[in-house]
1. Which lysines have a Cα less than 26 Å from the Cα of LYS173, not counting those fewer than 8 places away in the same chain?
2. Can you run phi through the Karplus equation (6.51, -1.76, 1.60; θ = phi - 60°) for region 143-148 and list ³J(HN,Hα) in whole Hz, with x for Gly and Pro?
3. Ranked from the most accessible area to the least, with a 1.4 Å probe and all protein chains present, what is the order of PHE148, PHE153?
4. With every protein chain left in place and a probe of 1.4 Å, what is the accessible surface of LEU71, to the nearest 10 Å²?
5. Would you check the accessible area of ASP275, probe 1.4 Å, heavy atoms only, in square angstrom rounded to 10?
6. To make sure I understand the rule: partners must be lysines, Cα under 22 Å from the Cα of LYS100, and not fewer than 8 residues away in the same chain. Which ones qualify?
7. Ignoring ligands and nucleic acids, what accessible area does MET209 show with a 1.4 Å probe (Å², nearest 10)?
8. Please list, or write none, the lysines whose alpha carbon is within less than 16 Å of the alpha carbon of LYS260, excluding same-chain residues fewer than 8 places away.
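The values are calculated or read from the model by the stated rules, or taken from the named source; none is laboratory data. Note that the structure is a prediction, hence the values are computed from the model and not measured. Ideal geometry is used to build each Cβ from the backbone, glycine not excepted, and the neighbour counts take in all protein chains shown. Note: accessible area is taken over every heavy atom of the protein model, side chains too, but ligands, DNA and RNA are not part of it. Shrake-Rupley method; radii C 1.70, N 1.55, O 1.52, S 1.80 Å.
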Amino acid sequence: MSRVPLADVALGGGLAVLVLGTSFLEVGPPGPAGSTGWGAIGLAVVLGAALAVRRRMPVLTLVAANAVTALWFALDYHGRLVTTSALIGCYTLAAYRGWKAGVLGGIGTAAVTVLTVRFTLGGQWFSDQVLNAIPLEAAATALGAAVFSHRAFAAGARERAERIAQARSDQAKAQAAEERLVIARELHDVFGHTMAAISVQAGVAVHVMQRRPEQVVEALNAIKRISDDGLAEVRVLLGVMRSDEPRTLTASGGLKHLDKLLDVPGVSVDLAANDPRPLPLAVDLAAFRIIQESLTNVRRHARATRVRLELTYGASELEVVIRDNGTGAGTGTGHGIEGMTARAHALGGTLTAGPVEGGFEVRCVLPVEGDA
């Protein structure tokens with residue numbers, strides 16, 4: 001159970017002391033001789049206790065305040081500050097239970113006021129005392145209702161702010177997960193291409209070591225160049241992961257670097273492009289990575305001797321076709337084709353990959369929107 005607020009205890013005790021003080025000092029209209037005594041003290045204690053629990057039991061507080069006020073006047077005790085307890089009760093009920101409860105409490109308090117004035121003080125039904133008291137009770141009720149509405153609005157604003165903050169947090173987490181997926185896909189492509197190229201060049205070096213040792217140096221230099229390029233791309237990607245600032249994952253990718261992919265030992269790559277022009281960064285990088293992954297698959301699986309690479313620049317789309325004359329390029333179930341398909345779908349494009357007559361074909365269509 002929560003503790004009673006000290007402010008309410010102080011309010012109840014302070015009002016009880018003031019009411020008793022004005023009574024013992026005979027402030028206000030006089031009552032019968034010797035009427036101020038233990039009865040007044042008892043009523044003041046009840047009044048102080050009721051105000052002390054006003055936030056937890058506002059209905060009880062208002063009922064007690066009206067009862068004590070009516071008895072105080074019925075017993076003709078000195079002191080009229082007792083009437084402020086009913087005003088506090090009206091405010092508290094409206095502030096903690098809403099305007100509907102406050103209006104009911106205000107009407108009940110007004111009825112007690114009218115009856116007390118008429119039958120205890122001997123006044124008229126709507127005398128000046130009544131007309132002075134009821135507006136004060138209505139004002140206290142209205143003030144409490146305004147406080148209740150303000151608190152409800154503030155609570156709603158806090159709840160909306162929390163929902164917005166949670167939505168932003170969820171969005172940020174989803175965006176971070178998507179960025180991690182993109183980076184993982186980039187790393188897969190970079191490592192796959194780099195390691196496949198190194199493997200081919202190492203095989204060349206082993207093959208020519210005895211018969212043509214001068215070509216070993218060329219193969220080792222190619223391995224070093226490929227390794228350096230791959231490490232440079234990895235450093236860029238890892239830098240993106242460590243950075244809080246959004247960056248474009250271009251690294252050394254993009255169709256302007258396409259010549260780096262066309263040197264496939266033992267495989268002749270024919271390139272055909274109808275009208276090359278600058279593309280949006282996302283489309284440019286996606287096309288480059290799809291070509292890179294396709295040629296890596298040719299190195300690893302296809303046992304091909306020729307690859308046909310076609311780039312068709314349309315008014316609203318870019319079509320990429322990679323077709324080899326080998327076998328086995330599509331026999332695996334790894335993540336290469338899945339990654340290429342995901343890249344295309346992320347941009348609203350399509351990708352198909354599968355055997356065709358005389359080889360294997362990857363066909364991708366990427367929409368081109370906006371300026372490059």
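1. Answer for LYS173, where 26 Å is the Cα cut-off: none of the lysines qualify.
2. Along region 143-148, the couplings run 4, x, 5, 5, 5, 4 Hz.
3. Values: PHE148 75, PHE153 135 Å².
Sorted descending by solvent-accessible area, the residues read PHE153, PHE148.
4. Roughly 90 Å² of LEU71 is accessible to a 1.4 Å probe.
5. ASP275 exposes around 90 Å² with every protein chain in place.
6. In chain and number order, there are no partners.
7. 100 Å²
8. Once the sequence-local lysines are set aside, what remains near LYS260 is LYS224.
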